[in-house]
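Everything on this sheet refers to the single structure shown next.
Taken together, the values in this text are just the output of simple stated rules run on the coordinates, not laboratory data. Worth saying up front: this structure is predicted, and the values here are computed from it rather than measured. Every residue, glycine as well, gets a Cβ built from its backbone with ideal geometry; the counts of neighbours run over all protein chains shown.
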Amino acid sequence: MSLWMASQTLLEFPSSNQSQLVPPNATSCDEAREAWAVLHRVLPTFIVAVCFCGLLGNLFVLAVFLLPRRRLSAAEIYLANLAASDLVFVLGLPFWAENIWNQFNWPFGAVLCRVVNGVIKANLFISIFLVVAISQDRYCVLVHPMASRRRRRRRLAQVTCVLIWVLGGLLSIPTFLLRSVKAVPELNVSACVLLFPHEAWRFARMVELNVLGFLLPLGAIVFFNYHILASLRGRAEVRRTRCGGPAEGKTTALLLTLVAAFLVCWAPYHFFAFLEFLIEVQALRGCFWEDFTDLGLQWANFFAFVNSCLNPVIYVFVGQLFRTRVWELYRKCTPRSLRTMSSSHRKEIPRLFWWN
């Protein structure tokens, strides 16, 4: 069989109602059995590794931003909220790993089925809306510098982040309400699935996920970053001006890298989620498409989660200002004698790491 059950992973990502768990021709779709066996063995280990790295990395980022107890800039407010979102996001990974180890048999009960999926769904939207806000902030700074005063930007960033978290919570309400654990006798499992009360919900979910959760934010991100890059190219002296000096230039490089990494990591998932919708409405048929979509969704889910532990790495290797904050925190939290020794050692570190 094609293990259509793959589309019932614990996440709010691919899902369908119980009647879709096993397609009519399931007995003939057994070509991918070996691929599923590999996925059950290998993918959970990768997921646990990503969870561990994501927890450590994002806790580190939050510590660097919050422990000094100083006023954060607008860009740092967005980055701290993105790290918090990534941290909550990876907390759902152990549940997904265990679900795959159990061949999609959900062992945690109905309450956790709803809570885990709802929190993950909320942070899916929160993450991409924060990336849009980050791009918009850079757009204001570099394209309309006269209208972006520092104090006003900080206040706007704080309000924007609160609204984004509230909006993410509201968009996850259907997941909290519709997720449930249901027995699937054909596969001998109890799966955490979405139970749609009406077929119209299926279309509404796809509009919410692909359009509101990706295509519209993608359009905004492309618009903002196109004008950012055009502004940087058209102003040879941008790094010497008040709004686009060295600090702003380095911050912009960091944020553009974060945006690019986010889009690369998330685009495959939305592609396969759209293919799943086409299969559900029978625009695509056949075992090949079922197996291709189900397996692709699992690996695309994993690839999307990699983004949550990739961001801290980007901060370190691209964000010079972030590394400066790390050094300041280190100096503040260590004895003076150790600071003197480490300061002399720091001067000897190759420029490969401390590049601008």
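In order along segment 104-120, the Karplus-derived 3J(HN,Hα) couplings, from 6.51 cos²θ - 1.76 cosθ + 1.60 at θ = phi - 60°, round to 6, 8, 7, x, 9, x, 5, 5, 5, 4, 6, 5, 4, 5, x, 5, 5 Hz, and Gly and Pro are given as x.
Restricting segment 104-186 to trypsin sites (Lys or Arg not before Pro) that sit in a DSSP loop and have at most 13 other Cβ atoms within 10 Å of their own Cβ leaves ARG149.
Averaging 1/r across all pairs of distinct Cα atoms in segment 84-223 and inverting the result yields a Kirkwood radius of 17.1 Å. When you filter the chymotrypsin sites (Phe, Trp or Tyr not before Pro) in segment 115-217 for DSSP loop state and at most 15 other Cβ atoms inside 10 Å of their Cβ, nothing is left. In plain terms, the residue of THR160, THR175, THR293 with the fewest other Cβ atoms within 10 Å comes first and the most crowded comes last, giving THR160, THR175, THR293.
Among SER73, SER127, the ranking by other beta carbons within 10 Å of each residue's beta carbon, starting with the fewest, stands as SER73, SER127.
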